[in-house]
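The next block holds one structure in the form of structure tokens; read it before the comments.
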Amino acid sequence: MNELTERQKLILTLIVHEHTHTTQPVGSKAMVNKYNLRMSSATVRNEMAALTDLGYLRQPHTSAGRIPTEEGYRIFVSKLVQRTNLPMTTRRTISHQFYQSRQDLEQWLRLAASILANQSQAASLVTAPHSEKALFKHLELIATRGHQILLVMVLVGGEIRQQIFSLPEPISQEQLSTIATKITNLCQNCSADQLDALHPQLDPVGKEILVVVQEEMALSEKLITGDIYLDGMTNILAEPEFAESEEARQALKLLEERSLLEDLLARTIMTSTIGGVQVLIGGEGTWDELRQCSIVLARYGSPGVLTGTLGVLGPMRMPYGHTISTVRFVADVLSDLVTETLIN
């Protein structure tokens, strides 16, 4: 960044802003006229040529203006974009929408995805909060048919695990309810490892059920994320550069295929702090599906207890300042809701 002069920083910033709004290459004369720059178009043209040589701009056609490169967007996001807050009216509107919704985690997550998509006019994703260490909260056992039992377990934080398994002998619903109540009372806030010490307090059937409980808790801990909520997918397809584009379909595929998305989150956002925002531009040389896109991601929740991820996927020329501010604000709102409702 030390290689750029203040004038070059200004010109790069203006080109990013202009290209974001028009999708067109930006010319020197148009910049001078629109922004009343105190320099000639020849001077601007020379600086644009220097920025091109440095790899921050490129010229799509010989007679065209310039557009930012991936590296240009990166330096803009990391050094030049101003950290701003959303307008107070927007923050109040978003907060009011959450306040009006019922006290339901799923509705909060769907609302968060909808707000992010509408504010950014891009695709959004929100993952349900997930605990790195599964803690038991509640158990229900339901007799189905024959020896089969439906186990429904709720973990601290609201995650629900279901499993159908068989017992050696049929058992009545009344007996199952009694066992479920006993296990619920014994196992409150326990981890899977801590449940080992509780086996002696249960009869043989209760012990078998507790083993299934522990297995389900272990599986939960292996998950990278909870349920995934998506919105605004059609926004991507409406962008000029993605009209009938294979790149757009590839980007949406990454959001829709859980294994690909979990790989992305595991390598990036899972190591960040709560409320911290990460911006991935052009797939960062790792994800080919994103080579024409950018993703803005943030974690929310309570560190070490219960966390989730939210973010926005859009074209590389997205309005980074507004998008970053929106993602950060919604993450803060969800962190407060999760902490106050699911943890405290």
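Each value in this text was obtained by applying a stated rule to the coordinates, not by laboratory testing. Small disclaimer: the values here were computed from a predicted structure and weren't measured. Every residue, glycine among them, receives a Cβ derived from its backbone with ideal geometry; neighbour counts consider all protein chains shown.
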So for R0 = 30 Å, FRET eff. of S114-A197 from the Cβ-Cβ r, to 0.05, ends up at 0.10
Scaled by the rule-of-thumb 2.2 N^0.38 Å, the alpha carbon Rg for the stretch 247-344 gives a ratio of 1.10
The Cα extents of the chain along the principal axes, largest first and rounded to whole Å, are 87, 38, 34
Percent relative contact order for the stretch 34-142, counting Cα pairs under 8 Å at least six residues apart, stands at 11
D (µm²/s, integer) via Stokes-Einstein for the stretch 136-222, Kirkwood Rh across alpha-carbon pairs, 10 °C, 1.306 mPa s: value 124
In nm, the gap between the two label points placed 7 Å beyond Cα toward Cβ at E169 and I142 is 2.6
Reduced to Cα centres, the span from the stretch 66-82 to the stretch 129-160 in Å works out to 47
Any trypsin sites (Lys or Arg not before Pro) in the stretch 36-77 that lie in a DSSP loop and have at most 16 other Cβ atoms within 10 Å would be R38
Residue by residue through the stretch 95-107, the couplings from Karplus 6.51 cos²θ - 1.76 cosθ + 1.60 with θ = phi - 60°, in Hz, x for Gly and Pro, are 4, 5, 4, 5, 5, 6, 6, 6, 6, 9, 4, 4, 5
Kirkwood radius from Cα pairs of the stretch 6-80 plugged into Stokes-Einstein at 10 °C, 1.306 mPa s, gives D in µm²/s equal to 132
Counting as exposed only GluC sites (Glu not before Pro) in DSSP loop states with no more than 11 other Cβ atoms inside 10 Å, the longest exposed-site-free span of the chain is 4-243
The answer for the net charge of residues other than E239 whose Cβ lies under 11 angstrom from its Cβ, with Lys and Arg +1 and Asp and Glu -1, is -1
Result: in the chain the number of Lys pairs with C-alpha under 25 Å apart, spaced 8 or more or on different chains, is 13
With Cα coordinates, the longest principal axis of the chain makes an angle with the long axis of helix 41-53, in degrees rounded to 10, of 50
Expressed as a whole-number percentage, the relative contact order of the chain with C-alpha contacts under 8 angstrom and at least six residues apart is 19
Restricting to Cα pairs under 8 Å and 6 or more apart, the percent relative contact order of the stretch 136-222 works out to 28
At R0 = 22 Å the Cβ-Cβ FRET efficiency linking H21 and D53, nearest 0.05, sits at 0.30
Within the under-10-Å Cβ sphere about V277, not counting V277, Lys/Arg +1 and Asp/Glu -1 give a net charge of +3
Check: C-alpha center the stretch 198-252 vs C-alpha center the stretch 1-56, spacing in Å is 45
